[in-house]
1. If you place +1 on the Cβ of every Lys and Arg, -1 on the Cβ of every Asp and Glu, and leave all else neutral, what size is the dipole of region 102-201 about its Cα centre, to the nearest 20 Debye?
2. With +1 on the Cβ of every Lys and Arg and -1 on the Cβ of every Asp and Glu, and nothing else charged, how large is the dipole of the chain about its Cα centre, in debye rounded to the nearest 20?
3. Tell me what the chain gives for mean residue ellipticity at 222 nm when only DSSP H runs of n ≥ 4 count, each as -39,500 (n - 2.57), the sum divided by the residue total, rounded to 500 deg cm²/dmol.
4. Report, by chain and number, residues whose modeled amide H sits under 5 Å from the one on Ala164, excluding near sequence neighbours (fewer than 5 apart, same chain).
5. What are the residues whose amide H is under 5 Å from the amide H of Glu48, where those residues sit 5 or more places off or on another chain and H is modelled from the backbone?
6. Between Met18, Phe169, Ile302, whose Cα lies farthest towards the positive end of the dipole of the chain when Lys and Arg beta carbons carry +1 and Asp and Glu beta carbons carry -1, centred on the Cα centre?
7. Counting only Cα atoms, I'd like the Rg/Rh figure for the chain, Kirkwood definition for Rh.
8. Specify which residue in the list His229, Val194, Leu151 is farthest towards the positive end of the charge dipole of region 149-249, using unit charges on the beta carbon of Lys, Arg (+1) and Asp, Glu (-1), about the Cα centre.
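Only the coordinates and a few stated rules stand behind these numbers; no lab work does. Note that the structure is a prediction, hence the values are computed from the model and not measured. When we count neighbours, we look across all protein chains shown, and the Cβ atoms used for this are built from the backbone with ideal geometry, even at glycine.
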Amino acid sequence: MKAIFDERQWKHDPRHFMANGAVLPNPEQPKRIEVLKAAAQSAGCIFEAPTDAGLGPIAALHTAEYIAFLQNIYTRWRRIEGAGEEVIPNIHPANRTDGYPKSAVGQAGYHQADTACPIAEGTFEAAYWSAQSAVTGADHIAWGERAIYALSRPPGHHAYADLAGGFCFFNNAGIAAERLRVAGKRPAILDVDVHHGNGTQGIFYSRSDVLTISIHADPARFYPFFWGHAQERGEGVGLGYNLNLPLDRGTGDDAYLATLDVALDRIRAFGADAVIVALGLDAHIDDPFKGLAVTTPGFSRIGAAISGLGLPTLFVQEGGYLSDALGDNLIHVLTGFNEA
């Protein structure tokens with residue numbers, strides 16, 4: 001299996017993360033690259049760098065206003081007397097239809113959903129190349145490859161068209177899906193991250209040309225809280241093209257795989273001819289976020305089940321945080337897929 005990664009993705013090195021009112025080290029660390037890349041190579045992946053497709057594929061989903069914000073906000077932030085080392089919002093609009101401020105502080109609040117997506121000097125460049133890795137992966141799928149792994153880091157599935165959040169800046173899986181759609185494919189996005197892919201849902205919620213499915217810990221008591229409930233099915237022409245499959249905290253392998261079967265049946269019913277897997281590995285029982293309880297062998301079963309679709313598949317890396325099992329979980333997904 002080919003794999004895509006650019007060394008400039010190392011440049012995003014977030015320091016801060018706020019949880020339950022406490023300032024903590026950010027868990028979306030660059031070391032994830034080291035672990036995931038080594039694991040992918042152990043699973044037989046051969047890495048290559050992405051080509052630069054420019055801002056066009058990114059701007060197909062993200063607003064020009066938001067892209068300009070990400071490009072310039074760190075420089076503007078550093079001009080503020082006494083500003084912290086990272087761009088972290090401290091105010092948000094009550095409604096996103098409220099006025100758009102000129103202030104860097106106000107724009108940070110407008111374009112950053114939470115305190116988990118700090119922006120520093122290398123953030124835009126890393127996010128740009130993370131997205132390009134997904135774009136190149138999509139191109140390989142369009143050209144006839146059976147499967148590609150895009151080591152997209154920082155991740156993307158919490159990013160909306162004009163809003164960062166949850167460690168995410170550009171919606172890599174969504175960008176890849178749109179790239180495939182423009183190439184004439186009928187793509188489905190299957191999100192197996194422990195957190196709901198709220199940004200992906202938001203981007204495609206009113207569309208019928210991309211199917212979005214997310215299997216995740218029930219957001220009633222788990223991030224992102226406000227999105228990911230079963231009744232969210234899409235709107236307008238998109239009604240029926242979004243499927244949320246929330247699971248009880250601590251759900252293990254067998255119940256997870258039964259839910260995955262529901263998702264795969266919906267992909268078949270959609271008539272998809274390509275699948276983008278938003279590959280979170282944080283559903284693992286030992287992941288720091290402790291949402292679900294999938295075992296490492298369970299990830300082999302997940303990979304094999306997805307392979308059973310018989311469709312060209314692009315794996316786009318999402319969550320999965322530093323633990324002793326992280327690399328093994330990726331190995332098991334990819335080998336489970338390849339050997340099915």
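1. Working: 7 positive and 9 negative charges, 62 e Å.
The calculation lands at about 300 debye.
2. The calculation lands at about 480 debye.
3. Only helices count here, giving -11000 deg cm²/dmol.
4. For Ala164, the qualifying residues are Gln112, Ala113.
5. Sorted by chain and number, the residues that satisfy this are Ala3, Ile4, Phe5.
6. Of the candidates, Phe169 comes out farthest on the positive side.
7. On the way: Rg = 18.4 Å, Rh = 19.6 Å.
Result: Rg/Rh = 0.94.
8. After comparing all options, I get Leu151.
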